[in-house]
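What follows is a short report on a single structure.
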Protein chains: 2
Amino acid sequence: MQIIMHPIGVIHSPYKETKGIPIQGIFKPDVEAWVELREEYREGLKDLEGFSHAILLYYFDRSRTEQIEASPFLEDDKHGIFATRGPHRPNHIGLSVVKICSVDGNRLYFKEVDILDKTPLLDIKPYVKYFDVRQDVVSGWIDKHFEDGNNPERTIVR
Amino acid sequence: MQIIMHPIGVIHSPYKETKGIPIQGIFKPDVEAWVELREEYREGLKDLEGFSHAILLYYFDRSRTEQIEASPFLEDDKHGIFATRGPHRPNHIGLSVVKICSVDGNRLYFKEVDILDKTPLLDIKPYVKYFDVRQDVVSGWIDKHFEDGNNPERTIVR
């Protein structure tokens with residue numbers, strides 16, 4: 001079974017290469033980027049500005065491999081690809097929670113950016129407090145990197 | 001530009017039709033479902049059991065339309081499709097935060113289910129407290145439905 005998708009727009013980001021990009025946008029929270037939606041989807045952004053955050057789904061178009069196990073940026077140990085957020089995954093879908101700055105026509109401006117420039121966008125969803133926030137979350141092999149309340153060393157790609 | 005994806009597995013759920021399904025899994029939290037991953041991806045689940053929650057991305061294969069504005073289940077007013085979580089969206093990608101029960105071979109058992117039986121699965125990501133939980137979230141047109149601290153009426157599809 002094949003599923004055919006089309007980009008709904010493109011992400012314009014100051015990160016032209018992986019070097020210097022944070023592994024998640026919250027580690028460089030003030031950098032700004034924007035989505036340029038295809039003109040026919042402009043009305044789809046209506047009422048999104050009422051939300052503080054959005055979930056962006058996009059295509060890791062710079063990835064050339066598919067791994068089943070991978071070493072994430074945070075450590076050298078290997079984990080099942082579905083226990084990591086790395087790009088070299090089946091179907092190459094990326095997910096970022098971002099902070100909405102403004103909507104202007106077919107453009108969505110946002111902060112908390114961890115996405116490369118010119119990345120094809122697949123979907124935008126509103127981040128909903130009642131659906132997406134969980135309490136008592138256990139984060140597997142990642143918890144040990146945050147256990148002293150500080151951010152870990154490897155949050156920016158070298 | 002076309003992007004071709006393949007299901008990595010299928011979701012087995014007690015919901016055989018939309019009637020009776022919750023609009024989000026947390027509104028019927030104890031119902032259980034499971035992912036059957038394609039055999040070649042089995043090792044990709046390694047270490048996922050250490051996480052309390054996962055994000056499932058899947059294909060709304062029963063949707064036959066693409067809308068730019070839509071009336072969500074919660075109310076009759078129309079909103080831009082990217083300000084809703086409805087299925088009739090460009091690329092038809094669904095996203096659910098689910099509670100992990102266990103991993104057994106190529107199977108992932110989970111609760112907090114809002115997915116139809118036999119839905120094609122596109123990706124599994126670990127839900128990470130440090131990346132995915134946001135405080136001070138404003139949820140646009142959805143907030144008014146939860147403002148008294150109770151769940152709204154229309155959380156189960158009729």
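The values are calculated or read from the model by the stated rules, or taken from the named source; none is laboratory data. Because the structure is a prediction, the values reported are computed rather than measured. So basically every Cβ, Gly included, is an ideal-geometry build from the backbone, and we count neighbours across all protein chains shown. With ligands, DNA and RNA removed, areas are computed over all heavy atoms of the protein, side chains included. Shrake-Rupley method; radii C 1.70, N 1.55, O 1.52, S 1.80 Å.
For the segment B:138-146, counting C-beta atoms of other chains within 10 Å of every residue's C-beta and taking the mean gives 6. When the accessible areas of A alone and B alone are added and the area of the pair subtracted, with a 1.4 Å probe, the result is around 6900 Å², both sides summed.
Rolling a 1.4 angstrom probe over region B:18-84 with all protein chains present gives an accessible area of which 46% lies on carbon and sulfur atoms.
Counting only the backbone N, which residues of region A:97-111 are under 19 Å from the spot 7 Å out from the Cα of A:E40 toward its beta-carbon? From region A:97-111, the list is A:106-107.
Where does the charge balance sit around A:K99 when Lys and Arg score +1, Asp and Glu -1, over other residues with C-beta under 9 Å from its C-beta?
On the way: positive: A:K111, B:R134; negative: A:E112.
For residues surrounding A:K99, the net value is +1.
Debye sum, Cα scatterers, chain A, no solvent: what log₁₀ I/I(0) at q = 0.10, 0.14 1/Å? One equal scatterer on each Cα of chain A leads to -0.39, -0.77. Projecting 7 Å from Cα along the Cα-to-Cβ direction, the label point of A:E153 sits 5.9 nm from its equivalents in the other copies, listed shortest first. Mean 1/r over all different Cα pairs, inverted: what Kirkwood radius does the protein assembly as shown give, in Å? Kirkwood radius, the protein assembly as shown: 19.7 Å. With 20 Å as the limit, write out which pairs from A:K78/A:K99; A:K19/A:K118; B:K16/B:K111; B:K78/B:K111 have Cα-Cα distances beyond it, or answer none. Where the Cα-Cα span goes over 20 Å, the pairs concerned are A:K78/A:K99; B:K78/B:K111.
Average partner chain C-beta neighbours within 10 Å, per residue of A:119-125?
Details: counts 0, 2, 2, 6, 10, 6, 10.
The shielding value for this peptide is 5.
Per residue, how many Å² of accessible area does region A:3-60 show with a 1.4 Å probe? Intermediate results must be reported in sequence, preceding the final value.
On the way: 2470 Å² over 58 residues.
For region A:3-60, the solvent-accessible area averages 43 Å² per residue.
Take A:E69: with every protein chain present and a 1.4 Å probe, its accessible area is about 60 Å².
The alpha-carbon of B:K28 sits under 12 angstrom from the alpha-carbons of these aspartates and glutamates, leaving out residues fewer than 8 places away in its chain: B:E112, B:D114. A point 7 Å from Cα along Cα→Cβ stands in for B:H6, and the other copies hold the same point at 2.5 nm, listed in rising order. Sequence-distant contacts, meaning Cα pairs under 8 Å at least 6 residues apart, place the relative contact order of region A:1-107 at 30 percent.
Inter-copy label distances at B:C101, shortest first and taken from points set 7 Å along Cα to Cβ: 4.5 nm. Under the convention that each Lys and Arg Cβ holds +1 and each Asp and Glu Cβ holds -1, the size of the dipole of chain A around its Cα centre is about 260 debye. Would you mind classifying region A:1-58 by shape? Square roots of the alpha carbon gyration tensor eigenvalues, ordered a ≥ b ≥ c; an a/c under 1.5 is rounded, otherwise it is prolate if a/b is larger than b/c and oblate if not. Oblate is the answer for region A:1-58, as a/c is 1.5 or above yet b/c matches or exceeds a/b.
Where does chain A land at 222 nm, in deg cm²/dmol rounded to the nearest 500, when only DSSP H runs of n ≥ 4 count, each adding -39500 (n - 2.57), divided by all residues?
Numbers: 1 runs with 4 residues, N = 158.
Computed ellipticity for chain A at 222 nm equals -500 deg cm²/dmol.
Ordered from largest to smallest accessible area (heavy atoms of protein chains, 1.4 Å probe), the residues B:M5, A:M1 come out as A:M1, B:M5.
Heavy-atom accessible area, probed at 1.4 angstrom with all protein chains present, ranks A:K144, A:K19 as A:K19, A:K144, highest first. Database remark: amide H of B:E69 closer than 5 angstrom to the amide H of B:I81 (H placed geometrically; neighbours at sequence offset of 5 or more, or on other chains; Pro and chain starts carry no H).
Considering only alpha-carbon pairs that sit under 8 angstrom and 6 or more positions apart, the relative contact order computed for region B:62-149 is 16 percent.
The convex hull around the C-alpha trace of region A:73-130, projected and averaged over every direction, spans 5.9 square nanometres.
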